[in-house]
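Input: a single structure, listed below in structure tokens.
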Amino acid sequence: MSDDDYVYDEATGEWGPAVAAPAAGGVEVRDSVGNVLADGDSVTLIKDLKVKGAGQTLRRGTVIKSIRLTGDDQEIDCRFDGIKGLVLRAEFVRKR
């Protein structure tokens, strides 16, 4: 490996392989246990969540399919029956 194969992570202060770094300009979104999420993934809720404006509660264990990343490292956009424009915090989901 050459010197170009390593990237310095300012947050941790450590050098690591370049392949482990997120894509340039991209945001790495992680679920509640640290798994990296991507567009199209399915996730499971780990907590009951009240949905504002819908008068509905999403129960723990509910599967949300085909998520989309929003560009924020803690928010994911998704669809669920009867709820339009649902945005969830990544800390409340786990990758399936």
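The values are calculated or read from the model by the stated rules, or taken from the named source; none is laboratory data. Since the structure is predicted, the reported quantities are computational estimates derived from the model, not experimental observations. Note that each Cβ is placed from the backbone with ideal geometry, even for glycine, and that neighbours are counted across all protein chains shown.
Among the residues making up segment 63-84, those that are closer than 14 Å to Lys95 by Cβ and either surrounded by 14 or more Cβ atoms within 10 Å (Cβ to Cβ) or in contact with a Cys (Cβ under 6 Å, 6 or more places away or on another chain) (or both) are Ile64, Ile67, Leu69, Ile76, Cys78. Which of the residues that make up segment 45-55 are at pLDDT below 90 and surrounded by 11 or more Cβ atoms within 10 Å (Cβ to Cβ)? Within segment 45-55, Ala54 is the sole residue that qualifies. Among the residues of segment 68-81, those identified as in a loop (DSSP other than H, G, I, E, B) and either at pLDDT 95 or above or charged (D, E, K, R) (or both) are Asp72, Asp73, Asp81.
Scanning segment 47-67 for residues that are in contact (Cβ under 8 Å) with a residue 24 or more places away in the chain and in a loop (DSSP other than H, G, I, E, B) turns up Lys47, Ala54, Ser66, Ile67.
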